[in-house]
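One structure is given below, encoded as structure tokens.
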């Protein structure tokens, strides 16, 4: 996949590259491959999809405020 993206960036160097995934550790290879395959000046944006982001934030609230006494999740 990174080779396909590199081919597109080679034709249009100004093209931004967006890597959207759930940030699971086992998926870290994709952004890593993009960084090593694409030219150094490529605009790469790593994004986490909203559903997974909210799950991660729920975990933060649970760790910081067990029981969520201030209803921070809402």
Which number in (1) touching a strand residue (DSSP E or B) at 6+ places or on another chain (Cβ under 7 Å); (2) in a helix (DSSP H, G or I) marks the one condition that residue 46 misses? (2)
Reported set for the stretch 5-41 where residues are surrounded by 12 or more Cβ atoms within 10 Å (Cβ to Cβ), touching a helix residue (DSSP H, G or I) at 6+ places or on another chain (Cβ under 9 Å) and not in a helix (DSSP H, G or I) is 15, 17, 19, 21, 22, 23, 38
Boolean, residue 61 is surrounded by 13 or more Cβ atoms within 10 Å (Cβ to Cβ), touching a strand residue (DSSP E or B) at 6+ places or on another chain (Cβ under 8 Å) and part of a helix (DSSP H, G or I): no
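Quick note: the coordinates plus some simple rules give every number you see, no bench work behind them. Bear in mind the structure is a predicted one, so any value in this text is a computation, not a measurement. Reconstructed Cβ throughout: ideal geometry from the backbone, glycine too, with neighbour counts over all protein chains shown.
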